[in-house]
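Each remark here refers to the structure printed beneath this line.
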Amino acid sequence: MKLSTRGDYGVRVVLELARAGRGAQLPAAELADRCKVPQKYLGHLLLDLKAHGIVKSMRGPQGGFSLGRPASEITVGEVVRVMDGPLAPIQCASRTAFAPCPQDRCQSEETCVLRGLWLEVRDAISAIVDTVSFADLAARPGTPAAPRATYAI
């Protein structure tokens, strides 16, 4: 799974709304500025997030965007799937968008070693992103970047 810019921005937007607090309304311009997302692009993201009940909007001078449900009920996995689609790195390992492998790629899905690997990758990613809510993320302090791995040659 590779998180696209769209997925990254979607997660940032929902996290910013979670940090703003329950019921807080953030105008689109402020949300775009806080998340470092181009405002025009933000509009497209918000439409998709709204269609899935993750955010809601309110018109008027005090209007803006807020979470559609409590942050504790919205997982990172849900937002990533709305923005980027299935988590599986290959379609034959997807639960939500399964497609069989082309016949020239493998003999049988039941005996395909690679499919087994991709199922494990999907499950490992899902085990993390489907258990971390935006309330969890909003409560976390910022973390320093992980140290880079060094390899002996």
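Summary table below
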| item | result |
| --- | --- |
| Segment Lys50-Thr5, extension gain: residue separation times 0.36 nm, minus the distance between their alpha carbons | 14.3 nm |
| Relative contact order %, the stretch 5-71, counting alpha carbon pairs below 8 Å whose residues are six or more apart | 38 |
| FRET efficiency estimate (nearest 0.05) - Cβ-Cβ, Met58 to Val132, R0 25 angstrom | 0.35 |
| Ranked by how many other beta carbons lie within 10 Å on average, peptides 76-86, 41-51 from highest | 76-86, 41-51 |
| Spacing of the two label points (7 Å from each Cα toward its C-beta) at Ala124 and Asp33, in nm | 4.2 |
| Span per principal axis, largest first, for the Cα atoms of the stretch 5-71 (Å) | 27, 23, 21 |
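Since every read-out is calculated from the coordinates, none of them should be taken as a lab result. Because the structure is a prediction, the values reported are computed rather than measured. We place every Cβ from the backbone using ideal geometry, glycine too, and count neighbours over all the protein chains shown.
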